[in-house]
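These notes concern the structure reproduced below.
The numbers here are math on the coordinates, done by the rules we state, and not lab data. As the structure is a prediction and not an experimental result, all values here were calculated from the model. Neighbour counts run over all protein chains shown; Cβ positions are idealised from the backbone, glycine included.
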Amino acid sequence: MKLIDSIIEFHSELQQIRRDIHAHPELCFEEKRTAEVVAQKLNEWGIPILRGMGVTGVVGIIKNGSSNRAIGLRADMDALPMQEFNTFPHTSANAGKMHACGHDGHMAMLLGAAHYLSRHRNFDGTVYLIFQPAEEGGGGARRMIEDGLFKLCPMQAVFGMHNWPGAAVGTFGVTAGPMMASSNEFEVIVKGKGAHAAQPHKGVDPIMAAIQIAQSWQTIITRNKNPIDTAALSITQIHAGSATNVIPDEAVVIGTVRTFNVDVLDLIEQRMRTIAEHTAVAFDAQVEFRFKRNYPPLINHAKETAFAIEVMQSIVGADQVDAQVEPTMGAEDFAFMLQHKPGCYVFIGNGDGEHRDMGHGLGPCNLHNPSYDFNDELLPIGASYWVRLTEAYLRKA
């Protein structure tokens, strides 16, 4: 690998920053301490900052030369509402909160790039270092955009990166076009008429109607959607009843829909509503159908993806870059940024979990797992990628 020597020498400080952030996780839009740590480091290195976009967002600004060209590099800041199982020294000090998705490492990698770029400035233009809150369901990217991110920080392209457990350290993965799915949730309340379970004919059973709705929805995936279009419709909760001898008044069905295509999503939402409403009528029940679109599909732009691939290959070698990585049905709110600006989102291999110190939890090192930990070996790799990406995009004439 062709990593930057001075970033390798800075590795121990980046690790210290990363582990400090890991030990003090904060949830979406609550990242006050985290934002302060980021801001203090940027100030320490002489980098001007903007604060308050997206409530707790921080943007560092490094200018050099006379070019009007600019690039945005984004890292997410928030943790997850879950209890950590690890027992190493930097385990979470905040009960019920954990950096189980590696956002601590994402920030540290971008800070590593910031430290280098502020000192060497081998580029002509402006780099915006975007530390974004509330990726985990809060839509922090959308909030930063609404607060004027791209107006106050005009850039031609924006790039993001996420660690990927299971992929070997020193590898990258990316694909042009859809790379991550849209995230959507639904809740259906079926209202019937309560009765004694021994006299079901005197009521309207919402449970049977809910069951029929749930089963019929699967025909949307198998019979309404084009088989070559990818989509997932998962019912994750069904709530009804409180006693064995009572038919309840209502039943609730909750779940998620994931697609790579908005047209497919439109079809699924419309068919779900129609099936729910008409099935309820057939059972002499009533229904409330709610469908919430959270994050759009993340779609990488072809030109910027090809550019990112060249940069990754220059660092780790062509055989270590999967340029047609399998898309995931997970979601990511960087998708909002890619709706406004050309750009590319990449995966960086986080290894198989063997990097964890003795005393880690018993579970696998997967994202959103209580035994997860970011692999500090990635810090100089990710930071070098950000630097080389910036230098290539804002190449001096």
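The condition (being basic (Lys, Arg), under 30 Å from Arg271 (Cα atoms) and surrounded by fewer than 18 Cβ atoms within 10 Å (Cβ to Cβ)) is satisfied by just one residue among Lys303, Lys292: Lys292.
Taking each residue of the stretch 345-369 that is touching a residue at least 40 places away in the same chain (Cβ under 8 Å) and crowded, with 17+ Cβ neighbours inside 10 Å and looking for partners that are outside any loop (DSSP other than H, G, I, E, B) and aromatic (Phe, Trp, Tyr) with beta-carbon atoms closer than 6 Å, six or more apart or interchain, yields Tyr345/Phe334; Val346/Phe172; Phe347/Trp164; Ile348/Phe172; Gly349/Trp164; Asn350/Trp164.
Of note, Ala302 does not satisfy the criterion of being small (Gly, Ala, Ser) and within 25 Å of Ile189 (Cβ to Cβ). The combined condition, being under 28 Å from Cys153 (Cβ atoms) and not polar (S, T, N, Q), is fulfilled by Phe336. So Ile130 passes all but one of these: (1) assigned to a loop (DSSP other than H, G, I, E, B); (2) over 14 Å from the mean Cα position of the chain (by Cα). Which condition number does it fail? Here Ile130 meets the rest and fails (1). Considering the stretch 1-42 alone, what residues qualify as being touching a Phe, Trp or Tyr at 6+ places or on another chain (Cβ under 7 Å) and in a loop (DSSP other than H, G, I, E, B)? Once the filter is applied, which keeps residues that are touching a Phe, Trp or Tyr at 6+ places or on another chain (Cβ under 7 Å) and in a loop (DSSP other than H, G, I, E, B), the stretch 1-42 yields only Ile4. Quick check: is even one residue across the stretch 350-360 assigned to a loop (DSSP other than H, G, I, E, B), polar (S, T, N, Q) and on the phi < 0 side of the Ramachandran plot? The answer is yes; a qualifying residue exists. With the checklist (1) crowded, with 21+ Cβ neighbours inside 10 Å; (2) more than 25 Å from Asp263 (Cα to Cα) in hand, flag the one item Ala167 doesn't pass. For Ala167, the exception is condition (1).
A search for C-beta distances below 6 Å between a residue of the stretch 89-103 that is free of Cβ contacts under 8 Å to residues at least 60 places away in the same chain and any residue that is surrounded by fewer than 19 Cβ atoms within 10 Å (Cβ to Cβ) and among the small types (Gly, Ala, Ser), counting only pairs 6+ apart in sequence or on different chains, returns nothing.
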